[in-house]
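Everything on this sheet refers to the single structure shown next.
Bear in mind that the values in this text are calculations on the coordinates, not laboratory data. Since this is a predicted model, take the numbers as computed values, not measurements. Glycine gets a Cβ as well: all are built from the backbone with ideal geometry, and neighbour counts include every protein chain shown.
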């Protein structure tokens, strides 16, 4: 059983109106084969009954607790959870996703056995509109050096940017002052930083995370111009971090895969939010793609002075 004051793993769940999947999420956690954990549920002003469900679990199971966070999105909510976490490792789970019964057991055992700062497992997608699952990514049983793992992450092979489906040593955040930004696609902005400071990364051949999507056709149900701007901003943010560590040239080609994904996703994303945009779709596509090119062309000094918060898609 767990130690209340010093659990092995702290599970952080940002919650905002998680709907019908919230109870299955919490049940999948409660029934874990590995029991030495705490669950920090960060309530972001839910008004659909999710907060009340969370408090019921906290009343029934001492491993669960609820913290209200009146401001901020998923990123600040996760930071809030990390600040209150007592575990050696941090695990992020979205409130509408589920995990396998052996999820924590396998990730934690692999991390401890190999003295790794990050452990990773496979995942699949569950679609609400069809109630069917589809394979997402399978990973092997393997240990990676920092550079190997970061290269795979940036190259989108064997590793993905997602904060979930991973176990993170808490000191990656606390020792290096890493905070998850308040933006969409925050995973892509912050996971390269966490991988950079990891001494070792291990992957586990286990499909342990079940990620919920609304539709089986890849589309965002709430696409906005802010989402597009944030997605574009992941490129200069990653480059600026790598430059600050003197490693941009080393990983430049690997980062090219993410740049390719962003550049060619822009037209579809812009068209999905065309009805609410101020500028014509063609103008927004050209502006977004121009910013991608500018983020690669500018010197590090000039890029660091660029106001990334100034929107180019409006």
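Can you give the FRET efficiency to the nearest 0.05 for residue 214 and residue 55, using r as the Cβ-Cβ distance and R₀ = 22 Å? Can you show the working numbers first?
Values: r = 26 Å, r/R0 = 1.20.
Efficiency, from the Cβ-Cβ distance: 0.25.
Over the chain, what is the percentage of antiparallel beta bridges among all DSSP beta bridges, to the nearest 5?
Numbers: 17 of 43 bridges.
Bridges in the chain that DSSP calls antiparallel: roughly 40 percent.
Give the percent of DSSP beta bridges with both residues in the range 13-156 that are antiparallel, rounded to the nearest 5. Mind showing how you got there, number by number?
Values: 5 of 13 bridges.
Of all bridge pairs located within the range 13-156, approximately 40 percent are antiparallel.
Between 236, 24, 76, which gets the highest mean-square fluctuation from a Gaussian network model of the chain, Cα cutoff 10 Å?
Taking springs between Cα atoms under 10 Å, the residue moving most is 24.
GNM on the chain, C-alpha springs below 10 Å: top fluctuator among 173, 80, 260?
Of 173, 80, 260, the most mobile in the Gaussian network model is 260.
If I compute Cα extents along the principal axes in Å from the structure I just sent, which labelled value in (i) 65, 40, 33; (ii) 80, 76, 28; (iii) 56, 42, 34 lines up?
(iii)
Using only Cα atoms and rounding to the nearest 10 degrees, what angle (0 to 90) does helix 50-60 make with the longest principal axis of the chain?
Helix 50-60 and the main axis of the chain meet at about 30 degrees.
Would you give the gap between the C-alpha center of the range 20-46 and the C-alpha center of the range 280-314, rounded to a whole Å?
39 Å
Give the calculated FRET efficiency between residue 247 and residue 65 to the nearest 0.05, with a Förster radius of 51 Å applied to their Cβ-Cβ distance. All intermediate terms of the calculation are to be shown ahead of the outcome.
Working: r = 39 Å, r/R0 = 0.76.
It comes to 0.85.
Neighbour counts of other C-beta atoms within 10 Å: give me 211, 231, 103 arranged from fewest to most. Before the final figure, lay out each step's value.
Details: 211 18, 231 21, 103 27.
So the residues, fewest neighbours to most, are 211, 231, 103.
Based on DSSP H runs of at least 4 residues, each adding -39500 (n - 2.57), what is the mean residue ellipticity at 222 nm of the chain after dividing by all its residues, to the nearest 500 deg cm²/dmol?
On the way: 11 runs with 134 residues, N = 314.
Calculated at 222 nm, the ellipticity per residue is -13500 deg cm²/dmol.
Could you work out which residue, out of 165, 58, 110, moves most in a Gaussian network model of the chain, that is, has the largest mean-square fluctuation with Cα springs under 10 Å?
58
For residue 164 and residue 23 in the same chain, what is the full-extension length gain: residue separation times 0.36 nm, less their Cα-Cα distance, in nm?
Values: separation 141, 0.36 × 141 = 50.76 nm, distance 1.82 nm.
Taking residue 164 through residue 23 to full extension adds about 48.9 nm, to one decimal.
Which angle from 0 to 90°, rounded to the nearest 10, does the C-alpha axis of helix 103-114 make with the longest principal axis of the chain?
Here the helix axis deviates by roughly 80 degrees.
Quick one: 53, 41, 235, 67, fewest Cβ neighbours within 10 Å first, how do they rank?
Values: 53 20, 41 29, 235 24, 67 15.
If I rank by nearby Cβ atoms, fewest first, I get 67, 53, 235, 41.
Given labels modelled 7 Å from the Cα in the Cβ direction, how far is it in nm from residue 260 to residue 113?
3.4 nm
Tell me the angle of helix 186-196 to the major Cα principal axis of the chain, expressed in degrees between 0 and 90 and rounded to the nearest ten.
Relative to the chain, helix 186-196 is tipped by roughly 80 degrees.
The range 247-277 to the range 148-184: how many Å between their Cα centroids?
Value for the Cα centre distance between the two parts: 19 Å.
So if we plug the beta-carbon distance of residue 30 and residue 278 into 1/(1 + (r/R0)^6) with R0 = 45 Å, what FRET efficiency do we get, rounded to 0.05? Show your work: numbers first, answer last.
Values: r = 46 Å, r/R0 = 1.03.
After rounding to 0.05, the efficiency reads 0.45.
Could you please rank 313, 82, placing first whichever residue has the fewest other Cβ atoms within 10 Å of its Cβ? It would help to have the intermediate numbers written out before the result.
Numbers: 313 26, 82 23.
Ascending Cβ contact count within 10 Å gives the list 82, 313.
Which value in nm describes the separation of the simple spin-label points at residue 133 and residue 310, placed 7 Å from the Cα toward the beta carbon?
4.8 nm
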